[in-house]
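So the structure is just underneath, and the comments pick up after that.
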């Protein structure tokens, strides 16, 4: 079973056709608990919502689910120039923090992807989504 893109409980079924006259068709099922390379806390995606002139940041903790050490070899993202991403190693091979920040210099709404290139893992990368929303001073507070 290919588990890329899945997490938590996954169930796949298949219809089997046989030449047995007493049981010509039956369904088999495979269930699995799929864990991502990392558990994320508090969320698995970034959401920054602020106003122009009010810088903001959010940090997500990453804890490896793998039995051995994993290395984050490279961090890339498409949030520039509105967002900056910083990786910090908290416990080598096991725990990391990833921080997305914005200087909030102009009004924007940007969605993006943060890609962590991995070593010593069964997959090449781990991806997280991000949203930065910078509103003007009136923004949603306007009556």
Out of (1) exposed (fewer than 12 other Cβ atoms within 10 Å of the Cβ); (2) touching a strand residue (DSSP E or B) at 6+ places or on another chain (Cβ under 6 Å), the one residue 132 does not meet is (1)
With the requirement that a residue be over 16 Å from residue 109 (Cβ atoms) and surrounded by fewer than 14 Cβ atoms within 10 Å (Cβ to Cβ), what does the range 72-88 give you?
73, 74, 76, 86, 88
Filter the range 89-110 for residues that are surrounded by fewer than 12 Cβ atoms within 10 Å (Cβ to Cβ) and part of a strand (DSSP E or B); the one that is modelled with the lowest pLDDT is 109
Scan the range 113-129 residue by residue and report those that are more than 23 Å from residue 48 (Cβ to Cβ) and in a strand (DSSP E or B).
117, 118, 119
Those residues of the range 60-88 which are in contact (Cβ under 8 Å) with a residue 12 or more places away in the chain and part of a loop (DSSP other than H, G, I, E, B), in sequence order:
65, 66, 68, 69, 70, 78, 79, 82, 83
List the pairs whose first member sits in the range 89-112 and is touching a residue at least 24 places away in the same chain (Cβ under 8 Å) and on the phi > 0 side of the Ramachandran plot, whose second member is surrounded by 18 or more Cβ atoms within 10 Å (Cβ to Cβ) and not in a strand (DSSP E or B), and whose Cβ atoms are under 7 Å apart, counting only residues at least 6 apart or on separate chains?
93/70
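The values are calculated or read from the model by the stated rules, or taken from the named source; none is laboratory data. In this text, all values refer to a predicted model and were calculated from it rather than measured experimentally. Positions of Cβ are generated from backbone atoms using ideal geometry, with glycine treated the same way; all protein chains shown enter the neighbour counts.
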